[in-house]
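No lab work stands behind these numbers, since they all come straight from the coordinates. Just so it is clear, the model here is predicted, and its values are computed rather than measured. We place every Cβ from the backbone using ideal geometry, glycine too, and count neighbours over all the protein chains shown.
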Amino acid sequence: MTNSLGSIIKLKRMEKNITQEELCYGICANSYLSRIENHRVVPNDQIYMLLFERLGLDFVSFKKKSVQVDEKIEEWYRDLVNGKLDGVDVEEIQLYALSSDARILLKFDIAYSRYLLMNKHIDQAETKINNINKVIIPEYSREFFLYTDVIVLYYLLKGKYSEAIIAGQKLLNISGYENLAADYELGNIYYNLAFGHKNLYSYETAYYYINKALNIFKDGYYLERALDCHIILGICYNNLKKWNHAIQTYKLAKKLLNYLSPECQDKYLAMIYNNLGNCYEYQNNYRKAVYYYLKTLQFQNKSILTMINLIRSYFMLQDRENAIYWLNNAMKLKNNNMNKTYQVQIDIFSVILSNQITMDSIIQIQKYSINYFISKDDWKLTVRYCLLFANLYESKSAYKKANHMNKLAFKANEKLQRGGD
């Protein structure tokens, strides 16, 4: 609150047409009041009380009211971080904030931005965040911590992973930032940074942050968040080719499920089994991959991603019948709202599993799909499908084209090793 009291004093002084000399006479030096009003110094409560009294304000009741509103906003924000969206009268909290000081109102706007993001009102949240960005200062303050938490989440939801990491790093550069938040809030920041780095293929850095988050959630017995961390940790191990570590991590994640409510178990089992399938597919053990992909569909029977993984694995096993079976199932789920990356992969198999397949049709879908993956900086799929097309061209004795695909796969893999740069 003290950060904004100077502004309130200045505002009320100007409203009453009182000079600095008149206001501070017998209380403090004129230069000291100037520093108070410009946030360069924070005096003790006695000076605040005398200045407020001369302005006709009750400092004690004002401070008490601000503390109460602040506590309401903090409680609301805690609920939001823990995924609770209902049970709060947002308009009532806003009314309290509007009648309080500027810092409280800023904190409300930050919390409201998170509320909008969690309710999928991204455009409204963007407008609010842009306005906050004009006044927020990167400094050691609770407000800047909360703002960082919100803007990192915003960038992640927009798929702007580099921007999310840059925003998060500004907070981490502030000495003592750890003291500005509860343990689960710190864990949330580290988790989101790990998520951003993972999506930029910076698996070593993602590994570093996810372990920081995991240590917090594990020690605080935030079991569901600890489970979330194990999922990303397994992905990091998988992509760092530490496959035994990945498998052990997913097995540990399954054990954690015993302590969670049955309602969320299917979702996590689907993620665990799909990632285990990926782990074995990366090792070219397609039969084991198929086993886990099929288990995934027991818990998430309309997972288009898992169906694509099955099609690809069966194709690599040269099991045309099962590949076509899952292609047909995936085609039933195809619609205009489908993620384009999924659409492109389905298009690939629609061509290469066709009875009317020709070399021209292979070349056409290869160029279209690989160019698309490269344009999206999706180096993981670029590697996977370059190798798939290389094998396909080789089977057709098109060795020059196969060689070109292998070279592209090598270059894309180099980008993966460098974290996508």
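Both radii come from the Cα set of region 1-141: Rg as radius of gyration, Rh as Kirkwood radius; their ratio Rg/Rh reads 1.04. Calculated on the alpha-carbon coordinates, the convex hull of region 289-349 measures out at 73 cubic angstrom per residue. The base-10 log of I(q)/I(0) for region 109-207, evaluated at q = 0.10, 0.18, 0.20, 0.23 Å⁻¹, reads -0.24, -0.81, -1.00, -1.28 [Debye formula, identical scatterers on Cα atoms, solvent excluded].
FRET efficiency for residue 140 and residue 342, Cβ-Cβ distance as r, R0 = 35 Å, nearest 0.05? Each step should come with its number before you reach the end.
On the way: r = 44 Å, r/R0 = 1.26.
For R0 = 35 Å, the calculated efficiency reads 0.20.
Compared with the direct C-alpha span, the chain from residue 318 to residue 57 gains 85.8 nm at full extension, assuming 0.36 nm per residue.
For region 59-136, just say rounded, prolate or oblate: build the C-alpha gyration tensor, square-root its eigenvalues into a ≥ b ≥ c, call rounded for a/c under 1.5, and beyond that prolate if a/b exceeds b/c, oblate if not.
Details: a/c = 2.41, a/b = 1.40, b/c = 1.72.
It is oblate, given that a/c is not under 1.5 and a/b is not larger than b/c.
How big is the Kirkwood radius of the chain, worked out from every pair of different alpha carbons and given in Å to one decimal? One over the average 1/r among Cα pairs gives 25.1 Å for the chain. Between residue 175 and residue 67, the simple spin-label model (points 7 angstrom out along Cα→Cβ) gives 3.0 nm.
Fully extending the segment from residue 350 to residue 131, taken as 0.36 nm per residue of separation minus the present Cα-Cα distance, adds 74.1 nm.
Under the simplified labelling scheme, the residue 252-residue 231 pair shows an inter-label distance of 1.7 nm, with each label point 7 Å from Cα along Cα→Cβ.
Let's test the formula: R0 of 25 Å, r as the Cβ-Cβ distance of residue 163 and residue 123. What FRET efficiency results, to the nearest 0.05? All intermediate terms of the calculation are to be shown ahead of the outcome.
Details: r = 17 Å, r/R0 = 0.68.
Calculated transfer efficiency: 0.90.
Region 373-413 to region 290-304: how many Å between their Cα centroids? First find each Cα centre; the distance between them is then 27 Å. Once the Kirkwood radius over Cα pairs is known for region 304-380, the Stokes-Einstein relation at 4 °C and 1.567 mPa s delivers a diffusion coefficient of 101 µm²/s.
Using C-alpha pairs under 8 Å with a sequence gap of at least 6, the mean separation divided by the residue count of the chain gives a relative contact order of 7 percent.
Kirkwood radius, region 57-100, all distinct C-alpha pairs, inverse of mean reciprocal distance: 11.2 Å. If R0 is taken as 51 Å, the Cβ-Cβ distance between residue 215 and residue 395 corresponds to a FRET efficiency of 0.55.
The residues neighbouring residue 213, those whose beta-carbon lies less than 14 Å from its own, together hold a net charge of -3 under the Lys/Arg +1, Asp/Glu -1 convention. Peptides 194-202, 123-131, ordered by how many other C-beta atoms sit within 10 Å of their residues on average, highest first, read 194-202, 123-131. Take the Cα of residue 18, go 7 Å toward its beta carbon, and the backbone nitrogen atoms of region 50-79 under 14 Å from that spot belong to 50-59. Compute log10 of I(q)/I(0) for region 237-338 with the Debye formula, placing one identical point scatterer on every Cα and leaving out solvent, at q = 0.18, 0.19, 0.21, 0.24 Å⁻¹, to two decimals. Debye intensities relative to I(0), on a log10 scale: -0.87, -0.94, -1.06, -1.22. Helical runs assigned H by DSSP (4 residues or longer) give the chain a calculated mean residue ellipticity at 222 nm of -24500 deg cm²/dmol, each run adding -39500 (n - 2.57) before division by the residue total. Under the shape rule built on the C-alpha gyration tensor, where the axes satisfy a ≥ b ≥ c, region 125-168 is oblate, since a/c reaches at least 1.5 while a/b does not exceed b/c. Name the residues of region 103-135 whose amide N is less than 17 Å from a point 7 angstrom out from the Cα of residue 75 along the C-beta direction? Residues 108, 111-112 qualify, since their backbone N sits under 17 Å from the label point.
When N is the residue count of region 268-415, what does its C-alpha Rg come to as a fraction of 2.2 N^0.38 Å? Spell out each step's value before the answer.
On the way: Rg = 14.8 Å, N = 148, 2.2 N^0.38 = 14.7 Å.
Expressed relative to 2.2 N^0.38 Å, the Cα Rg reads 1.01.
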